[in-house]
1. Looking at Asp26, is it under 22 Å from Ala81 (Cβ atoms), over 30 Å from the mean Cα position of the chain (by Cα) and surrounded by fewer than 18 Cβ atoms within 10 Å (Cβ to Cβ)?
2. Given the conditions (1) touching a Leu at 6+ places or on another chain (Cβ under 6 Å); (2) buried (at least 21 other Cβ atoms within 10 Å of the Cβ); (3) among the small types (Gly, Ala, Ser), and given that Gly374 satisfies all but one, which numbered condition is not satisfied?
3. Working only within the range 103-114, note down all residues that are touching a residue at least 40 places away in the same chain (Cβ under 8 Å), in a helix (DSSP H, G or I) and surrounded by fewer than 24 Cβ atoms within 10 Å (Cβ to Cβ).
4. For the range 79-101, name all the residues that are assigned to a loop (DSSP other than H, G, I, E, B) and more than 20 Å from Phe279 (Cβ to Cβ).
5. Filter the helices (runs of 4 or more DSSP H) completely within the range 342-429 down to those with at least 3 residues that are hydrophobic (A, V, I, L, M, F, W, C) and in contact (Cβ under 8 Å) with a residue 12 or more places away in the chain.
6. Please give the helices (runs of 4 or more DSSP H) falling wholly within the range 173-281 in which 3 or more residues are surrounded by fewer than 16 Cβ atoms within 10 Å (Cβ to Cβ).
7. Are any of the residues in the range 348-368 under 20 Å from Ala390 (Cβ atoms), surrounded by fewer than 22 Cβ atoms within 10 Å (Cβ to Cβ), hydrophobic (A, V, I, L, M, F, W, C) and in contact with a Lys or Arg (Cβ under 8 Å, 6 or more places away or on another chain)?
8. Among the residues of the range 309-348, count how many are among the charged types (D, E, K, R), farther than 12 Å from Gly413 by Cβ and at pLDDT 90 or above.
Amino acid sequence: MKIQDLYKKFKTCSVISTDTRKLAKDCMYFALKGDNFDGHKFVQNAFNGGAKFCVIDNRDSQINDNCILVKDTLKTLQDLATYHRQQINIPIISLTGSNGKTTTKELINVVLKTTYNVQSTLGNLNNHIGVPLTLLSFTEDLDFGIVEMGANHLKEIEFLCKIAQPNYGLITNFGKAHLEGFGSIDGVIKAKSELYDYIKSHDGTVFINSNDNKQKQQIGHYSNIITFGDSPTNDCVVAFKNADPYVNLSYNARDIKSQLIGDYNYGNIAAAVAIGKHFNVKTEAIKKAIENYQPDNNRSEIIKKGNIEIILDAYNANPTSMLAALKNFKQLNAENKYIFIGDMFELGEEAKTEHQNIVQFLESNFQNNIFIIGENFYSTKAKPFIQKFANFNNLKETLESLEINDASILIKGSRGMALERILNHLKLN
């Protein structure tokens, strides 16, 4: 079936679905396949759940006339998304980076929504499936679409750009994330810069954090650049004031007091301010949007229980974000501190070195109440005041014996460590 004909059918549907556990009436269901699943097994379930059409690439799953047989369901989903993007023809802002992508995406979203009709990537659906689903959820009445792009190997951002065809681009930063796939920090920089390459080749506009020398080097000589940072020479001047623990900054003679912790979030906020300014969002609207934004889903949340303050940053971790979180925690004005950090995943051959580097930073900057969890951290060499646990189960008994009072607590680790579970076992006075 030609993509134009499939598109006509798509336009009669309510939404696209790839999961029969989350179906909307009159949706179009795509039977995708992976290493551990095959959506073709659930075609009948999809129809029973209200699907109008099911797109399949296995002829044996064609159970009625509303099954649409294609050569490859995933490629068809991606092609349909690009065709839809071309039909609605709205401005697309795309962003990628090693850290802070989702937070920055949400900040841009709340800033632009004060003035425009905007829709953005839901959660972190930012891969070869999530980006097409995001695009297919956009409608022609939008003023902007915001598309987050993630990657763990070279050429992935390039591929996602071909699908989304962004007009504007932003890279939050280059950090030591997914080194297993990228091989090195140079691989990370090359991969993330594929967004710059696409934008430049299509005469789009790039937003650059001028405080980040690596970004300035990567963009090179290009005319369509909007710079932001604390230097008065920037197109958008956003001055960092402090982060104890919340980030405070100033823009256009207004103080902005965010609900985001850590100076590492300054760049994320400044990017949203710069994009708002570029699209003529009023200063007061930008200020209000930033100040009202609250992180959730274990991303830099602050939880207060009596005289205990917990920084819960357990959504994800890599060496760059872990070090930034620890540096920020060190400078907080609190005498009694507890640190719980878990393994950082997808580091490949660098895992041993990077975990040992974190331990060395802990040894040099903290003196007690340090708990490191996971096989990688357990294998490090550490001074006796750092308590090591091979897994979460080994930590639980220690947690239940601790009596913490009048303290600040940092909890950070990769998603697979699920360190938010610590909250269920701590005794907080």
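1. Working: under 22 Å from Ala81 (Cβ atoms): yes; over 30 Å from the mean Cα position of the chain (by Cα): yes; surrounded by fewer than 18 Cβ atoms within 10 Å (Cβ to Cβ): yes.
Yes, satisfied.
2. The number of the failed condition is (1).
3. Narrowing the range 103-114 to residues touching a residue at least 40 places away in the same chain (Cβ under 8 Å): 103-108, 110-114.
Still in the list and also in a helix (DSSP H, G or I): 103-108, 110-113.
Matches in the range 103-114: Thr103, Glu106, Val110, Lys113.
4. Quick first cut of the range 79-101, residues assigned to a loop (DSSP other than H, G, I, E, B) only: 89-91, 97-100.
Passing the criteria: Gly97, Ser98, Asn99, Gly100.
5. Working: elements: 351-365, 375-378, 392-401.
In the range 342-429, 351-365, 392-401 are the helices (runs of 4 or more DSSP H) which contain 3 or more residues that are hydrophobic (A, V, I, L, M, F, W, C) and in contact (Cβ under 8 Å) with a residue 12 or more places away in the chain.
6. Working: elements: 179-182, 185-192, 194-201, 213-219, 266-278.
It comes to 213-219.
7. Within the range 348-368 (the criterion being under 20 Å from Ala390 (Cβ atoms), surrounded by fewer than 22 Cβ atoms within 10 Å (Cβ to Cβ), hydrophobic (A, V, I, L, M, F, W, C) and in contact with a Lys or Arg (Cβ under 8 Å, 6 or more places away or on another chain)), the answer is yes, since at least one residue qualifies.
8. First pass over the range 309-348, keeping only residues among the charged types (D, E, K, R): 309, 313, 327, 330, 335, 337, 343, 346.
Keeping just the survivors that are farther than 12 Å from Gly413 by Cβ gives 309, 327, 330, 335, 337, 346.
Restricting the remaining residues to those that are at pLDDT 90 or above gives 309, 327, 330, 337.
Residues meeting the conditions: 4.
The values are calculated or read from the model by the stated rules, or taken from the named source; none is laboratory data. Bear in mind that the values here come from a model prediction, so they are computed numbers and not experimental data. As a convention, Cβ positions derive from the backbone with ideal geometry for all residues, glycine included, and neighbour counts pool all protein chains shown.
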